[in-house]
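Quick notes on the structure that follows.
Just so it is clear, none of the values below were taken in a lab; they were calculated from the coordinates. Keep in mind it's a predicted model, so treat the numbers as computed, not measured. Quick reminder, even Gly has a Cβ in these numbers, built from the backbone with ideal geometry, and neighbours come from all protein chains shown.
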Amino acid sequence: MSTFAVLARKVQLKADKGNFNYEVVLAFLRDAENDFIERTHCTEKISTIDTDGDYTYAIASATIATKTFTFASTDDLTELFAAGLTFTIEDSTGNDGSYTVVSSSFATPVMSVVVSETVADATADGNMVVDPQPYYDLPSDFEKAFRIEWDGVQLEPLPQGLPIQLHQSDGVTEYTGTPYRYWIIEGQIRLLNAPSSHGILKIWHSYRNTSAVVASPIIPSIEHDNLVHFAIASILEFTEQEQRAAYYWNKYYEHVDSSKYRYISQRFDQDQIVSVNTDMWDDDIETHEYSDVSE
């Protein structure tokens, strides 16, 4: 396995000649890694969302006059606790029951939530448990989903172009029950049906490198030298050495094309590759034509 430092020296020997500092070369290599992941989906991990335990918050205070609950948080959760969100209080002295959010605010390290219902008891105990939601935030390093399960049962992706009917005839009430399909939009996974009870959502997915301090690439070590081709091509392109840049771009994209099917084949059988996951071949990223050039 090569470190980014070793790969950077290779780039500097081939193309840099001391014209770019180490941090610039390193940035090209990190861009190369995430580009390669986006095109080949060569990384894989399983992320788990416990819709009960991961969305439970210990009550720090309960104020009767302002109908407000607070809990400790290092993160701003006002987007989650938006007006209309429902949650349940459990294990409290006198506030067990269902509540609807009117508003919320955050001031480190405290989240404050105002509700429409009466707060009956000022005792600071119990837990706020967010009711099951039709959508959940994806992991910050998420790139591409390979498989989704709800309580151990695989969900099917919503086919592209299929009309989405989320609500019943009143146009307001969502269909609820056991999820059987999903789609991914704007950093969230959306479930159909909206779950009527809590469960475990498991997501098999490729992931990108979101850290600037990781010493080595997260992609398989067999792919590391191809990051060098990307970085060299980027530097040569920046310095207007177009023919030499084209040579290394060709090497990079030829390796991308040969790698993509290999990684997808490792995760899916042939029928799945042809049907459910054909969109993996149609990513909305720039395509490249090869030219007959030499260094």
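Between the beta carbons of Ala83 and Asp225, assuming R0 = 35 Å, the FRET efficiency works out to 0.10 to the nearest 0.05.
Distance from the Cα centroid of region 112-132 to that of region 208-256 is 52 Å (rounded to whole angstrom). The mean sequence separation of alpha-carbon pairs under 8 Å and at least six residues apart, normalised by the residue count of region 53-130, gives a relative contact order of 42 percent. Residues Lys260, Lys144, arranged from fewest to most other Cβ atoms within 10 angstrom of their Cβ, appear as Lys260, Lys144. Excluding same-chain neighbours fewer than eight residues apart, the lysines reachable from Lys202 by a Cα-Cα span under 26 Å are Lys45, Lys144, Lys260. Remark: spin-label model distance Asp257-Ser216 equals 3.1 nm, labels positioned 7 Å along the Cα→Cβ axis. With the charge dipole of region 170-255 set up from +1 on Lys and Arg Cβ and -1 on Asp and Glu Cβ about the Cα centre, the Cα lying farthest toward the positive end among the listed residues His224, Ser196, Tyr175 is that of Ser196.
If I stretch the segment between Asn193 and Leu13 completely, what's the gain in nm (0.36 nm per residue apart, minus their alpha carbon distance), one decimal?
59.2 nm
In this structure the amide hydrogen of His198, modeled in the peptide plane, comes within under 5 Å of no amide hydrogen from residues 5 or more places off or on another chain. Computed from label points 7 Å out along Cα-Cβ, the spacing between Thr100 and Ser140 is 3.4 nm.
Put simply, the amide H of Gln188, placed in the peptide plane, has neighbours under 5 Å in Leu138, leaving out anything fewer than 5 places away on its chain. Most tightly packed first, judged by the mean number of other beta-carbon atoms within 10 Å of their residues, the peptides 77-84, 55-62 read 55-62, 77-84.
Rounded to the nearest 0.05, the FRET efficiency derived from the C-beta distance between Ser47 and Thr239 at R0 = 41 Å is 0.50. Full extension of the chain segment joining Asp31 with Asn209 gains 63.1 nm, where the gain is 0.36 nm per residue of separation less the Cα-Cα distance.
For trypsin sites (Lys or Arg not before Pro), the sites in region 1-105 that DSSP calls loop and that have at most 16 other Cβ atoms within 10 Å are Lys17, Lys67.
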